[in-house]
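Data first, discussion second: the structure below is written as structure tokens.
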Amino acid sequence: GQQLNQSPQSMFIQEGEDVSMNCTSSSIFNTWLWYKQDPGEGPVLLIALYKAGELTSNGRLTAQFGITRKDSFLNISASIPSDVGIYFCAGHNTNAGKSTFGDGTTLTVKP
Amino acid sequence: GAVVSQHPSWVICKSGTSVKIECRSLDFQATTMFWYRQFPKQSLMLMATSNEGSKATYEQGVEKDKFLINHASLTLSTLTVTSAHPEDSSFYICSANKPGNEQFFGPGTRLTVL
């Protein structure tokens with residue numbers, strides 16, 4: 001089946017620094033989604049991308065849908081302590097019905 | 001966004017008992033819902049796809065007789081963990097698809113089996 005490689009697995013950064021994480025796939029998706037999960041809670045949708053090449057921002061977050069449709073990245077600018085959590089990418093194809101999730105990137109922000 | 005709720009938020013039960021978890025889409029109708037389980041510091045593991053009005057589709061390795069799924073309406077899916085054992089202790093999360101491929105998650109249910 002389809003698999004996503006998400007990297008890095010974890011990041012430790014200083015408050016104020018920028019963060020970048022990405023997902024790559026061996027197959028094409030027509031939708032890319034980025035989620036954040038806080039401890040003990042369900043993932044929350046941050047950004048949804050629908051077109052190859054699309055670049056979308058949500059506050060300090062920016063995500064791009066790769067031209068090849070096999071990758072996506074998420075950038076967080078000027079990180080703050082509340083950015084701590086696990087970030088998941090997900091690829092989706094309508095005919096598949098279900099999304100394929102990456103293994104997550106655990107972000108730690110030191111004040 | 002969209003709102004998906006789960007009930008209960010956490011449950012502690014004795015080994016051998018059954019536990020039912022509810023997942024509701026509060027502001028949209030969902031023909032498809034999904035059930036995941038998540039172990040500490042691990043990713044989401046899809047257990048099954050719940051289809052309104054038909055049988056659930058289970059992922060490989062997930063016992064359908066142990067994890068009973070019912071999707072009786074467009075806003076409600078239930079997961080029943082039958083004869084629960086300590087190894088079933090986990091964080092169970094449901095999600096629902098909105099038209100447009102966006103998947104929204106519930107807040108999760110922490111199950112602890114003693």
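The values are calculated or read from the model by the stated rules, or taken from the named source; none is laboratory data. Note that this is a predicted model, so its numbers are computed, not measured. Backbone-built Cβ (ideal geometry, glycine too); neighbour counts: all protein chains shown. Each accessible area value is taken on the protein alone, full model and side chains, heavy atoms only, with ligands, DNA and RNA left out. Shrake-Rupley method; radii C 1.70, N 1.55, O 1.52, S 1.80 Å.
Would you pick out the residues in region B:56-74 that are surrounded by fewer than 13 Cβ atoms within 10 Å (Cβ to Cβ) and not small (Gly, Ala, Ser)?
B:GLN60, B:GLU63, B:ASP65
How many residues does region A:1-31 hold that are assigned to a strand (DSSP E or B) and at the interface with another protein chain (Cβ under 10 Å from one of its Cβ atoms)?
Residues flagged as assigned to a strand (DSSP E or B) and at the interface with another protein chain (Cβ under 10 Å from one of its Cβ atoms) within region A:1-31 amount to 4.
Restricting to region B:6-53, give me the number of residues that are touching a Pro at 6+ places or on another chain (Cβ under 7 Å) and within 10 Å of chain A (Cβ to nearest Cβ).
Total meeting the criteria: 2.
For region A:54-101, name all the residues that are closer than 16 Å to A:ASP38 by Cα and not in a strand (DSSP E or B).
Result: A:SER79, A:ILE80, A:PRO81, A:SER82, A:ASP83, A:VAL84.
Residue check: is A:THR105 more than 10 Å from chain B (Cβ to nearest Cβ), touching a residue at least 24 places away in the same chain (Cβ under 8 Å) and of a type in the set (S, T, N, Q)?
yes
Is one or more of the residues making up region A:57-74 closer than 24 Å to B:THR32 by Cβ and surrounded by fewer than 16 Cβ atoms within 10 Å (Cβ to Cβ)?
no
Looking only at region B:97-114, how many residues end up being closer than 29 Å to A:LEU49 by Cα and open to solvent by 10 Å² or more (accessible area, probe 1.4 Å)?
9
Within region A:32-53, how many residues are of a type in the set (D, E, K, R) and in a strand (DSSP E or B)?
Here the count works out to 1.
For region B:83-96, enumerate the residues that are open to solvent by 30 Å² or more (accessible area, probe 1.4 Å) and either farther than 26 Å from A:TYR87 by Cβ or within 13 Å of chain A (Cβ to nearest Cβ) (or both).
Scanning region B:83-96 gives B:SER83, B:HIS85, B:PRO86, B:GLU87.
Among the residues that make up region A:82-92, is at least one of them surrounded by fewer than 23 Cβ atoms within 10 Å (Cβ to Cβ), among the hydroxyl-bearing types (Ser, Thr, Tyr) and more than 8 Å from every other protein chain (Cβ to nearest Cβ)?
yes
Taking region A:1-46 on its own, how many of its residues are of a type in the set (Ser, Thr, Tyr) and open to solvent by less than 40 Å² (accessible area, probe 1.4 Å)?
Qualifying residue count for the region: 4.
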